[in-house]
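The next block holds one structure in the form of structure tokens; read it before the comments.
The values are calculated or read from the model by the stated rules, or taken from the named source; none is laboratory data. Predicted model, so just to flag it, every value in this text is computed and none were measured. Ideal geometry is used to build each Cβ from the backbone, glycine not excepted, and the neighbour counts take in all protein chains shown. Heads up: the accessible areas ignore ligands, DNA and RNA and are worked out on the full protein's heavy atoms, side chains in. Shrake-Rupley method; radii C 1.70, N 1.55, O 1.52, S 1.80 Å.
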Amino acid sequence: MRYIEINKDMVPYTFQMSFNGKVHDFEVNYNHEYDFFTLDLAIDGEVAVLGEKIVYGRPLFSAFESTITSLPYIVPYDVAKEEERVSYENLGEKVFLFIEEV
């Protein structure tokens, strides 16, 4: 299984990935007060989504799947099934953003 590696020490930061012939720019942000991460998404230079909260077990950008068709499912998940939420402590340690090829 492939996953997107998040470097918590670099937050906030931007990285690119290509899916289905389109360049996707992701910006990773962290809310220190409430201990959660968000992603902004631009596709081919056009802003698509701002502030998508990374929620355990819920595919990222799923509310936009009718308009964002170039992304595979990206799901925050812990293969050991020990975690129930995404936090600073577990992201990139136990919880990873798995890419589910469709």
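Key figures for this structure:
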{"read-out": "Unique match (being surrounded by fewer than 16 Cβ atoms within 10 Å (Cβ to Cβ), touching a residue at least 12 places away in the same chain (Cβ under 8 Å) and either outside any strand (DSSP E or B) or among the hydrophobic types (A, V, I, L, M, F, W, C) (or both)) among V75, V55", "value": "V55"}
{"read-out": "Lone qualifier among L60, L39 - being open to solvent by less than 40 Å² (accessible area, probe 1.4 Å) and part of a loop (DSSP other than H, G, I, E, B)", "value": "L60"}
{"read-out": "Test: A48 is touching a helix residue (DSSP H, G or I) at 6+ places or on another chain (Cβ under 8 Å) and without any contact (Cβ under 8 Å) to a residue 40 or more places away in the chain", "value": "yes"}
{"read-out": "Check on D44, in contact with a His (Cβ under 9 Å, 6 or more places away or on another chain) and surrounded by fewer than 16 Cβ atoms within 10 Å (Cβ to Cβ)", "value": "yes"}
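For every residue, the table says whether it meets (1) within 13 Å of the chain's Cα centre (by Cα); (2) open to solvent by less than 40 Å² (accessible area, probe 1.4 Å); (3) among the aliphatic types (A, V, I, L, M).
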{"position": "Q16", "(1), (2), (3)": "yes, no, no"}
{"position": "N20", "(1), (2), (3)": "no, no, no"}
{"position": "V23", "(1), (2), (3)": "no, no, yes"}
{"position": "E33", "(1), (2), (3)": "no, no, no"}
{"position": "V49", "(1), (2), (3)": "yes, yes, yes"}
